[in-house]
1. Using the Karplus curve 6.51 cos²θ - 1.76 cosθ + 1.60 with θ = phi - 60°, work out ³J(HN,Hα) for each residue of segment B:169-174 in order, rounded to whole Hz, and write x for Gly and Pro.
2. Which of rounded, prolate, oblate describes segment B:168-209, given a ≥ b ≥ c as roots of the alpha-carbon gyration tensor eigenvalues and a/c under 1.5 marking rounded, otherwise prolate only if a/b is larger than b/c?
3. Quick check: net charge around A:L373, other residues with Cβ under 12 Å of its Cβ, Lys/Arg +1 and Asp/Glu -1?
4. For helix A:169-186, what angle does its Cα long axis make with the longest principal axis of chain A, in degrees from 0 to 90 and rounded to 10?
5. Provide, in order from the shortest bin, the percent of all Cα-Cα pairs of segment A:235-376 in each 5 Å bin, continuing until the bin that contains the maximum pair distance.
6. Within 9 Å, Cβ to Cβ, of A:L12, how many net charges do the neighbouring residues add up to if Lys/Arg are +1 and Asp/Glu are -1?
7. Once the Cβ-Cβ distance between A:L55 and B:T324 is put in as r, and R0 is 35 Å, what FRET efficiency do you end up with, to the nearest 0.05?
8. If you take every DSSP beta bridge fully contained in the protein assembly as shown, what fraction is antiparallel? Give it as a percent rounded to 5.
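Derivation of every value follows stated rules applied to the coordinates shown; laboratory data play no part. Not measured: the values here are computed from a predicted model. Glycine gets a Cβ as well: all are built from the backbone with ideal geometry, and neighbour counts include every protein chain shown.
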Amino acid sequence: MSTANHIAIEHLVKRFQEKAVVNDLSLEIEQNELFVLVGPSGCGKTTTLRLLAGLEPVTSGRILFGDQLVNEVRPRDRNIAMVFQDYAIFPHLNVFENIAYGLRSRHAPREQIRERVPEAAKMFRIDHLLKRKPRQLSGGERQRVALARSVVRDANIYLFDEPLANLDAQLRHQAREDILLLHRAKGKPGVYVTHDQSEAMALGDRIGVMNDGQIQQIGTGTELYDFPRSQFVAFFIGTPSINLFEVEVQASGDDLTLVHPAFALELPPELSEKARPYTGKRINLGIRPENLHTPRGVDFPVNAGNTLKGVVNVIEPATTGCTVYLSTLEEEPEDFVATFKSRLPASYIGKEVPLAVNMRKIHLFEQESGHALLYN
Amino acid sequence: MTSVQLRQVVKEYDSLDQVTLTGYKNPPALRTVSLTIENGETLCIVGPSGCGKSTLLKVVAGLEFPQSGQVFYDDFDMTEIKPQDRGVGMVFQDYALYPAMKGKGNLAYYFQQHQHSQQEMEERVRQTSVLMGVDFDLLLGRAPDTLSGGEKQRVAIARCIVRDPLVFLMDEPIVNLDAKRREQTRLEIKKLLRKFHITTIYVTHDQQEAVFMGDRLAVMRDGVIEQVGTFDDLYYTPANLFVATFIGTPQINLLPAEITAGHINMAGQSWDLPETLAGALVPGKGRVGVRAENWLLSETAGVPLLVSHIERIPTERAAFLHGTVSGTSVVAVAPLEQPEVKSVLITPDWERVLFFSEKGEEVIYTPGPPEFF
């Protein structure tokens, strides 16, 4: 079943006193896979990483590297390489010695060090900095020293703990390429922790969304985005976030309508079956920003049953088009967001506009459990 | 409501104790900076870490005094005036709360310090909580350390509003929040700034945040303001290469090119020089600047982009192809459904490209904002 480099986590639990910070977590990471654990602060993702590394003892559950149970194995014997948020490079050593550190402490032969270190430095474009000390480097350069130090090792698994969080936003985009460079060079499993879902989407082969110590859903970025199984995942993945409205399901004959103080949307027949049990009840409607359109540009018929009105508050330019922040027309306005393919002129700010909703792309969630109704 | 003007401000930190063994001194934090922030506008100052943006904010506040130059609020010279007498409100990245007090106490602190009546204080607190929106009432009864990061930040902002400041100064107020919280909090801040029409200076290193928050942006580097303008000004008509690469995500792609009579040669291929460019460009070497959304993808014509990975962004209905063209990093926008490929052929939309000098930062030509009609 498992190759030497397949990582398995089975029913992992970590308690700090009373609180289960990691609460029955199971997952498998394939060889060659960069698996991203993403979730809000306090969800247990960093603790999970530290358990994988052996930096914390497990409360219960199993961690396997290939066929080997590693629960009781010390971090240094697990043969992991870790890249930290604050780089953790030694201030008293120069760049060369920092990169060489892991090899030296494992008594690697001199020739290997002399060969691998400059190679690793070149890969991350810091080969001209080998004699410098960390205090003479920028944040981005220090991060690349940390990456070079990892690439020089032959570890079983590469762990990344929010490595880009301390970098300026602009550098973060460039540094993502370096992370991929490291991961592809080694061909080993990688586990990457971040709170930033766009980073998760950009880097992960598969993504595990965590909340309150548990995995909510695992899948590729596209799977999580198109088929979120819970309201939490639907809201967490995707930026700008999905718009959520509380609606009441009302029936008139066979047709179902989602009723809200500011709008009433007709549910297409193919989606009615799953929503029918909730007739007369309240559920949550999720509409992604890109499924709100200017009525002119759409390829489906627009009528009162699939239109939503709002007042434009902010127009933000995006790479292609713009993001428009609106609020509904009711006594207590609710904020929502639409993304357009072209740039809406600033003259629309403060104006009331109609938006066509692509009703075939909506999401519905049960209120108490947060479960998605339309696919599960 | 006030306008703020910096006139020729120079700020150097004491250099004596900055001399290292190699004799290197810290350069000036602000090098002859002049800037006007209009009454009621939000101006975002953006730039990489260390560019001097926080120092500029401190000079406006009076937390730092310049070596030369002046700070004016409307027609009043504030250069020598202490911060507490300038009527500024400040929100920092570490929230600046006083932990011993409950939420309401934090607002009242200002009045206690300034000896206003209890009644005045209550009224102001009440008004502010209404302005901040319904749930702020909940915040008033709670001690600061039970509040989340985003909530603490809103209390900090409310404290500023209560003071009815002439000028609102914010220094990376949301940098410490989770990405998701940041999204939510920045919209709240933007709505508040709009509502109160307070002259605001907002400092951040994140250009996407600056673009969202600001009516105008000032891009800084190494103590100098490189350009001031709206997003459109900076994006379509950058003053130099630094501004062109700093504003816009993904970063603009730069490729060496050569103009000959009637042709552009780039990445081993040649195109006819369009009319619009023929008049603006002289023969010679330079660099072409192509924004990710200005590449045209094709099956048959163009230069090969060797794709290293595809980043799909459903909310933008687009995919970003990351790769290289003749060894240079390039990012090109493709449709969201773009299939996984090892390479695609891309051509610049020559009507939309910028031209830069072969070396250095000079902008030779920009097409300006696009025509829609």
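1. 10, 10, 10, 6, x, 10
2. Numbers: a/c = 2.31, a/b = 1.40, b/c = 1.65.
The shape class here is oblate.
3. Value of the local net charge: +2.
4. With both axes taken from Cα atoms, the answer is about 60 degrees.
5. Histogram of Cα-Cα distances, whole percents per bin: 2, 10, 20, 23, 20, 14, 8, 3, 1.
6. Details: positive: A:K14, A:R62; negative: A:E10, A:D24.
Around A:L12, the charge tally is 0.
7. Details: r = 37 Å, r/R0 = 1.07.
It comes out at approximately 0.40.
8. Numbers: 121 of 156 bridges.
Of those bridges, close to 80 percent are antiparallel.
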